[in-house]
1. By accessible area of protein heavy atoms, probe 1.4 Å, what ranking do Glu234, Glu298, Glu49, Glu131 get, highest first?
2. In the neighborhood of Arg226, defined by Cβ-to-Cβ distances under 14 Å, what is the net charge if each Lys or Arg adds +1 and each Asp or Glu adds -1?
3. What residues have an amide H closer than 5 Å to that of Val206, excluding those fewer than 5 places away on the same chain, when H is modeled at 1.01 Å from N in the peptide plane?
4. Could you tell me the relative contact order of segment 182-296? Use alpha-carbon pairs under 8 Å, at least six residues apart, and round to a whole percent.
5. Rounded to whole Hz and in sequence order, give me ³J(HN,Hα) for segment 145-150 from the Karplus expression 6.51 cos²θ - 1.76 cosθ + 1.60, θ = phi - 60°, writing x for Gly and Pro.
6. Go through Glu255, Glu80 and list them by solvent-accessible area, largest first, probe radius 1.4 Å.
7. Near the amide H of Asn224, under 5 Å away, which other amide H atoms are found, from residues 5 or more places off or on another chain, if H is placed in the peptide plane?
8. For the chain, with every protein chain kept in place, what is the accessible area per residue (1.4 Å probe, Å²)?
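The values are calculated or read from the model by the stated rules, or taken from the named source; none is laboratory data. Note that this is a predicted model, so its numbers are computed, not measured. Ideal geometry is used to build each Cβ from the backbone, glycine not excepted, and the neighbour counts take in all protein chains shown. Each accessible area value is taken on the protein alone, full model and side chains, heavy atoms only, with ligands, DNA and RNA left out. Shrake-Rupley method; radii C 1.70, N 1.55, O 1.52, S 1.80 Å.
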Amino acid sequence: MCSCPIIRNVSRRNKALKTSILPPLLFWNKIGANEEVRGSWMPELPDVEIQRRYLERTSKGQRIEDVLVRDDYILRGFPEGGLKTAIKGRCILAGIRHGKYLFAKLDSDDYLLFHFGMDGGLAYLKTADYEPTYSRVVICFENGCSLSYVSLRKLGQMGIVHNVDQFIRNKGLGPDALSVGCLTLTKALAKSNAAAKAVLMNQRTVAGIGNIYADEILFQSHINPRSQFGTLSEHKLATVFWTMRDILETAIRLEADSRRFPDSWIIHHRHPGARCPRCRACIVRTKISGRTTYYCSECQK
Ligand SMILES: [Zn+2]
């Protein structure tokens, strides 16, 4: 083996990646050849759903032998000893998602909680001699494989939850954006009096929508992000619901890989000088609720 530690690490990384089930795009950019970070794209519902499927595909049915906490900041005050006691010897039975939160159901009364913050995600490796850069917690399975929680900026969270429903209530989360019914959502939207974009991003209204998908839903629904849902017709609000469902399902089908999203989506036009893919008007860039917002002032009245 080469004596240079950098070359040795690269060699280990390449070997680990070759022999492992590759993680979703969300983090592939971070542990890939260039060790890149994906900017400030905060994981939203489709990204977390892809993580849930990845968790089930790689770790479901596996028994946990040990857990290595590399940085307890990610536990947000939850005791490291409590985490180890709760999950060592346990088996992961299923992944459950609500909005942007992911829960791994254990074969006990507990759930392992994941929130991915701005840049977090999971990486499953079939080797014990390599950990991805920025691994904060490593779950080691009896079969010799491991699941790492990876995050550069440490804005996410891991921990143990005893009651998911209670956790959701305590967080004040609304219904999940892919589970909420049309009537429930349209009633909530009709009662709101903030800017439409702010309402969609408010996790108390509906859980899972963030900056990127709120812009997309409003663009495809032809609604100005500063308008109020309460002034719109029931039919228009129902359009928001069905558009939201279609966008989220399409994004999940495309593995939340924005490069594969349809050309007609505004997500491809979030840059200076961009033109509306529908009417070719200049895309407007502004701030709503402190978040950078893109919309077409011609199509979105
Ligand atoms: Zn337009």
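1. Values: Glu234 160, Glu298 110, Glu49 15, Glu131 60 Å².
The ordering from most to least exposed comes out as Glu234, Glu298, Glu131, Glu49.
2. Values: positive: Lys197, Arg285, Lys287, Arg291, Lys301; negative: Asp215.
Result for the neighbourhood of Arg226: +4.
3. Gly174
4. Numbers: 144 pairs, mean separation 28.7, N = 115.
It comes to 25 percent, rounded to a whole number.
5. Those phi angles translate into 8, 9, 10, 9, 8, 10 Hz.
6. Numbers: Glu255 110, Glu80 70 Å².
Per-residue accessible area, sorted high to low, gives Glu255, Glu80.
7. Amide H neighbours of Asn224: Lys301.
8. On the way: 13520 Å² over 301 residues.
Using a 1.4 Å probe on heavy atoms only, each residue of the chain averages 45 Å².
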